[in-house]
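Trainee: For reference, the structure I am asking about is given below.
The values are calculated or read from the model by the stated rules, or taken from the named source; none is laboratory data. Here the structure is a predicted model, which means the values were calculated and not measured. Cβ atoms come from the backbone with ideal geometry, glycine included; neighbour counts cover every protein chain shown. These area figures cover heavy atoms from the full protein model, side chains too; ligands, DNA and RNA do not enter into them. Shrake-Rupley method; radii C 1.70, N 1.55, O 1.52, S 1.80 Å.
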Amino acid sequence: MCRGTRLSVLFIAALAAGCSDSAPKSPAQPSVAFVSNNPFEFWAIARKGTEKAATELGIKVEFRMPAHGSATEQRQIVEDLLVQGVQGIAVSPIDPKNQAEFFDEVAERVPLLTQDSDLPTGSKRLCFLGTDNYEAGKAAGQLVKEALPDGGRVAIYVGSMDAQNAIDRRQGVLDELADAKQAEGPTLGKYTLIGTFTDDASQENCKRKVEDTLVTHAKDDPESLCLVGLWAYNPPAMLAAVQDQGLAKKVKIVGFDENEETLQGIKYGNIQGTVVQQPFEFGYQAVRMLASLAKGDKSVVPDDGIRHIDYKVIKGDNVDAFHDELRALKGTDVR
């Protein structure tokens, strides 16, 4: 099947299904969509944001999560949403490089935003909403420095290195450790990069890979080892592996996002800290922008096509206050 044919066939089929003797009517309730890159807890908070925006604006939001975190699933979800007739989509691309052509085709049909992770430069998406992942990566690198002020060994874990957020976060960590722009391992100043390990967005796979790292690198000097997890489920998997081998508080852990187990780990001193995003704002701001774009208002899109949403660094001295805020957010739509 040639380029763009599948989307075109789907779209024509959707139009044909809606044909009648009379002119088609505009939907009473506009509909937009928000698509994540995996099914983990992080996105439950984003969903709250989409729901609040939908209630305020009187629109419908289709919220979708790929059950297995695969690019194939995500593509099918987006194709189905187009057939449903949504008037805009915000997506976190799973494999931006290989999905770029497909999402450019989508952007020709409806307003397309990226959130959390971006598409390559030159794509037809209108705006990226989310964390400045490079700067957030540098913040994680600073946490590593605090955990190992005299230097040490570092292992990085993430679901996939195809996603732009993973690329940017990893680079931020490396540059911060090396005190140099565009640094690369294995030698990063006082630090040594053992490796970057991908797990196909599987917490179980991550735990197994951490166990392998501990067997090889933590036997003689566990206190000079720091594990860095770039996606939300990584820190809990890392902590479970460390605890299983009796190395809690010896092997250092630095994470991303606000998984419940991660926050508890910080409270008990088993995790140095985590860099948290604001997924609620991802959902809230994306839906508000899509609603305006669906009406033809492009003034809501920044000139540079980027809307960064601030991150926070959570450590022992502020984890309780942040945890309370998070519980309130999860329990209510009031902000």
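Trainee: Can we say D220 is open to solvent by 50 Å² or more (accessible area, probe 1.4 Å) and part of a loop (DSSP other than H, G, I, E, B)?
Mentor: Details: open to solvent by 50 Å² or more (accessible area, probe 1.4 Å): yes; part of a loop (DSSP other than H, G, I, E, B): yes.
In short, yes.
Trainee: Taking K267 as the residue in question, decide whether it is under 25 Å from G152 (Cβ atoms) and out of contact with any strand residue (DSSP E or B) (no Cβ under 6 Å at 6 or more places or on another chain).
Mentor: yes
Trainee: Here's a follow-up. Is one or more of the residues making up region 196-205 among the charged types (D, E, K, R), touching a residue at least 60 places away in the same chain (Cβ under 8 Å) and either open to solvent by 10 Å² or more (accessible area, probe 1.4 Å) or not in a strand (DSSP E or B) (or both)?
Mentor: Looking for residues that are among the charged types (D, E, K, R), touching a residue at least 60 places away in the same chain (Cβ under 8 Å) and either open to solvent by 10 Å² or more (accessible area, probe 1.4 Å) or not in a strand (DSSP E or B) (or both), one finds at least one in region 196-205, hence yes.
Trainee: Is region 72-88 home to any residue that is under 15 Å from the mean Cα position of the chain (by Cα) and buried (at least 24 other Cβ atoms within 10 Å of the Cβ)?
Mentor: The answer is yes; a qualifying residue exists.
Trainee: Let me ask you something else. Among the residues in region 302-324, are any open to solvent by 40 Å² or more (accessible area, probe 1.4 Å) and closer than 17 Å to R47 by Cα?
Mentor: The answer is no, given that none of the residues of region 302-324 is open to solvent by 40 Å² or more (accessible area, probe 1.4 Å) and closer than 17 Å to R47 by Cα.
Trainee: How many of the residues in region 278-295 are open to solvent by 10 Å² or more (accessible area, probe 1.4 Å), of a type outside the set (A, V, I, L, M, F, W, C) and either modelled with pLDDT of 95 or more or not in a loop (DSSP other than H, G, I, E, B) (or both)?
Mentor: Count: 5.
Table: residues versus (1) part of a helix (DSSP H, G or I); (2) open to solvent by less than 30 Å² (accessible area, probe 1.4 Å); (3) of a type in the set (F, W, Y).
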| position | (1), (2), (3) |
| --- | --- |
| A46 | yes, yes, no |
| G49 | yes, yes, no |
| A90 | no, yes, no |
| P93 | no, yes, no |
| Q99 | yes, yes, no |
| L113 | no, yes, no |
| P120 | no, no, no |
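Trainee: Let me spell it out: the conditions are (1) out of contact with any Leu (no Cβ under 6 Å at 6 or more places or on another chain); (2) outside any strand (DSSP E or B), and G265 meets all of them except one. Which number is the exception?
Mentor: (1)
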